[in-house]
Amino acid sequence: MKRCLVFFIILLTAGAANAQELLKGNITEAGTHEKLTNVFIRDANNKQITLADKEGSFAIKAEPGHLLIFDSPGYLGDTLYVIDMKPKSIELRPLSISLRQVNINSSKATFDPHTEYPEVYTKSKVYVLSPSTWFSKEGRDARRLRRYFNTEEQERHVDEVFTVTYVGSIVPLKGVELENFMALYRPTYAFIHDNNGPSLAAYINDSYKKYKALPPDKRKLDSLVGQ
């Protein structure tokens with residue numbers, strides 16, 4: 001009797017595991033329909049995670065009733081409540097400078113991949129005497145996710161230093177003009193990491209001189225035109 005009960009429990013567990021199928025879809029930029037590759041997708045229910053591939057496609061284990069979260073640097077995050085397992089088409093809107101900072105300084109800033117997804121850092125390790133860690137898909141995916149997390153952490157650090165308030169206190173620009181200037185002359189993480197406050201202020205002043213020397217139609221990124 002006990003053996004039958006154990007066997008029944010195993011069948012139920014296996015059935016629950018198999019209930020989660022791969023939900024597939026593609027992700028593009030709203031307005032331009034350009035394929036987005038650097039999009040982080042996570043299932044808030046089962047904690048599955050993945051990244052969109054070079055074609056903007058994704059596949060993640062999920063099931064109806066789950067909530068998927070889509071994030072990408074420079075874009076407004078979005079969510080999808082899974083109703084069925086049909087392929088999904090997701091569009092993400094580009095963030096303006098000020099909107100990105102509001103987003104970074106909101107609850108999203110509490111996301112800590114080291115704490116929430118420690119297995120990514122474990123699986124991404126390569127061991128000399130373990131060839132499977134070099135070539136396995138699981139290892140490659142983990143290393144790609146780790147690179148994404150590292151990049152996002154660096155971009156957030158730049159956002160924390162290169163703020164609208166700080167830059168606006170140095171250059172006489174406001175609103176859209178200030179956002180365009182900051183998008184054009186956004187410093188790299190390496191620069192922020194290696195330079196102090198006075199050096200950043202000097203960089204902003206030098207960049208403003210270059211900005212003023214540009215023709216009016218060149219004082220914005222192409223991706224910001226028409227927004």
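For the stretch 20-64, GluC sites (Glu not before Pro) are listed when DSSP marks them as loop and at most 15 other Cβ atoms sit within 10 Å of their Cβ; the list is Glu34, Glu55. Spin-label pair Arg93-Lys212: with each label point 7 Å from Cα along the Cα-Cβ axis, the two points sit 3.4 nm from one another.
Taking every Cα-Cα distance in the stretch 36-76 and sorting them into 10 Å bins from zero, the calculated P(r) comes out as 31, 52, 16 percent. Cα to Cα, under 15 Å, and not fewer than 8 places away if on the same chain: which aspartates and glutamates meet these conditions relative to Lys123? Here the aspartates and glutamates satisfying the reach criterion relative to Lys123 are Glu138, Asp141.
Each Lys or Arg adds one and each Asp or Glu subtracts one; over the other residues with Cβ under 15 Å from the Cβ of Thr28, this totals -1. In the stretch 174-215 the Cα-Cα distances spread across 10 Å bins starting at 0 as 26, 54, 19, 0 percent of all pairs.
Annotation note: trypsin sites (Lys or Arg not before Pro) in the stretch 137-227 located in DSSP loop regions with a Cβ neighbour count of at most 11 within 10 Å are Lys174. In plain terms, the chain from Thr32 to Thr165 could stretch by 44.8 nm, reckoned as 0.36 nm per residue minus the Cα-Cα distance. Residue separation of Asn195 and Lys24 scaled by 0.36 nm, minus their Cα-Cα distance, works out to 57.2 nm of gained length.
Once the Cα-Cα distance is subtracted from the 0.36 nm per residue extended length, the Glu138 to Lys54 segment shows a gain of 28.5 nm.
Computed from the coordinates by the stated procedures, all read-outs in this text should not be read as laboratory data. Just so it is clear, the model here is predicted, and its values are computed rather than measured. Counting neighbours? That spans all protein chains shown, and the Cβs are built from the backbone with ideal geometry, glycine included.
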